[in-house]
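The values are calculated or read from the model by the stated rules, or taken from the named source; none is laboratory data. Computed from a predicted structure; not experimentally measured. Cβ: placed from backbone, ideal geometry, glycine included. Neighbour counts: every protein chain shown. We work out accessible area using only protein heavy atoms, side chains counted, and drop any ligands, DNA or RNA first. Shrake-Rupley method; radii C 1.70, N 1.55, O 1.52, S 1.80 Å.
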Amino acid sequence: MSPPSVFIWVQHLLGTGHLRRAHLLAGALAQRGARVVLASGGPPVPWSPAPGVELVQLPPIHAADSRFSTLATAEGAPVHDRLWAARWAILEDRLETLRPRILVSEHYPFGRGAFARELEPLLARATALGAVLVASVRDVLVSKADPAKHRAALARAAAYRLVLVHGDPALIPFGASFPPAAELGGRLVHTGYLAGPAPRTGERGEEVVVSAGGGAVGRVLRAIAVEAAAALCDRPWRIVGGSAADPGELAELAAKARPGVIVEGHRADLPELVARAAVSVSQAGYNTVVETLAAGTPVVLVPFAEGGEDEQTRRARALAARGLARVLREAELSPAALARAVRAALAERPTGPPDIDLDGAARSAELLLELSA
């Protein structure tokens, strides 16, 4: 019998969280013998897929600004019909070649509506080829003021066999950010959070590690961290810019930083750095939060909240309510406030991994393979 085949579509626009989750899911499937094609529509990143996963890089599209108001090409120009056509040609070719038993759309139909012109034909063709449709979505959605948008997402989800929510309902149920979730019935499954392999670490170190995911929207946090570090001279700080951070910005910060503060770009071993840190300071993006929880590292969260984005704020508040994080709102962020929060976190004793389901990658892969049986 041929191995089960899975086609995963993912589109990251600003950060890299969506792509990271898709990579973790693809890796878990490949580890269990599936043939996996992962089609990525965002900018390329400096990390590779897991063994056995075929990564297909589409002509990239990204958000022109942090408000997600406009889509742009890699060159910063408006997205044009030729680019959509080039993307579709690649998707169609790989779909016809793979003929998957399952097609997974990451975030869609609960977001990425601007990509419906690409996704709806992809979903229709996959269905015609006999594929089962599955949605893969994070724990929290950005709030929508118009209830009609929730109803539209629910209608699009009618074609899906499963909706895999990568979170733990004991912390944040999907219905908290998607009110009609109950109408999905048994098709909705909370899988647990998608965490990567546990990092190999020794004893916890002395560093305060500051990160902001891919780095595209962490400029303010990084600048304030450099100043906050000056008030805590008794320990080293490491500020990790991420793959999308501007090298010029990082160089300027490094020049301003006191001795004992390291400013650098992308680190493939960021999970290990966080696991060994005395304190982790980050935004409240999905992947960094999961990695920090898995390590049991004391954490200070400064959730990204520009342009009405409240996903990270919701996640941070849920963690704070469980005593798992200290939270600073962006409006409260200052060098003095950050230094105080770090001092308070340093006074806490690491607790080890919390009682939150972090086995979502394995659970998701098992559910998908059950569908393909």
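Observations, loosely collected:
- For Leu171: the one exception among (1) in contact with a Leu (Cβ under 8 Å, 6 or more places away or on another chain); (2) open to solvent by less than 10 Å² (accessible area, probe 1.4 Å): (2)
- Residue match in the stretch 187-203 (condition: crowded, with 19+ Cβ neighbours inside 10 Å, closer than 30 Å to Ala231 by Cα, hydroxyl-bearing (Ser, Thr, Tyr) and touching a residue at least 12 places away in the same chain (Cβ under 8 Å)): no
- Complete set of residues in the stretch 140-171 that are touching a residue at least 60 places away in the same chain (Cβ under 8 Å) and basic (Lys, Arg): Arg161
- Every condition in (1) buried (at least 21 other Cβ atoms within 10 Å of the Cβ); (2) over 30 Å from His12 (Cα atoms) holds for Ala245 except the one numbered (2).
- Filter pass, Ala347 being over 30 Å from Gly33 (Cβ atoms), among the hydrophobic types (A, V, I, L, M, F, W, C) and without any contact (Cβ under 8 Å) to a residue 12 or more places away in the chain: yes
- Check on Leu29, in a strand (DSSP E or B), on the phi < 0 side of the Ramachandran plot and at pLDDT 95 or above: no
- Pairs are defined by a Cβ separation below 8 Å, a sequence spacing of at least 6 or placement on different chains, a first member in the stretch 246-274 that is closer than 18 Å to Arg235 by Cα and in contact (Cβ under 8 Å) with a residue 12 or more places away in the chain, and a second member that is open to solvent by less than 50 Å² (accessible area, probe 1.4 Å) and among the acidic types (Asp, Glu); the pairs so defined are Leu273/Glu207; Val274/Glu291.
- Screening the stretch 249-343 for strands (runs of 3 or more DSSP E) wholly inside it with 2 or more residues that are open to solvent by 20 Å² or more (accessible area, probe 1.4 Å) returns the ranges 261-264.
- Residue pairs meeting the criteria (Cβ under 6 Å; at least 6 apart or on separate chains; first farther than 20 Å from Ala114 by Cβ and open to solvent by 50 Å² or more (accessible area, probe 1.4 Å), in the stretch 41-63; second hydrophobic (A, V, I, L, M, F, W, C) and assigned to a strand (DSSP E or B)): Glu54/Val37; Leu55/Leu38
- Hits in the stretch 1-18 - residues which are of a type in the set (A, V, I, L, M) and modelled with pLDDT under 95: Met1, Leu13, Leu14
- When the stretch 152-196 is limited to residues that are assigned to a strand (DSSP E or B) and of a type outside the set (A, V, I, L, M, F, W, C), the one that is nearest to Arg20 (Cα to Cα) turns out to be His166.
- Breaking point among (1) in contact with a Gly (Cβ under 9 Å, 6 or more places away or on another chain); (2) in a loop (DSSP other than H, G, I, E, B); (3) free of Cβ contacts under 8 Å to residues at least 40 places away in the same chain; (4) closer than 24 Å to Thr16 by Cα, for Val137: (2)
- Look at (1) in a helix (DSSP H, G or I); (2) under 23 Å from Asp310 (Cα atoms); (3) open to solvent by 10 Å² or more (accessible area, probe 1.4 Å) and you find that Gly15 fails only one, number (1).
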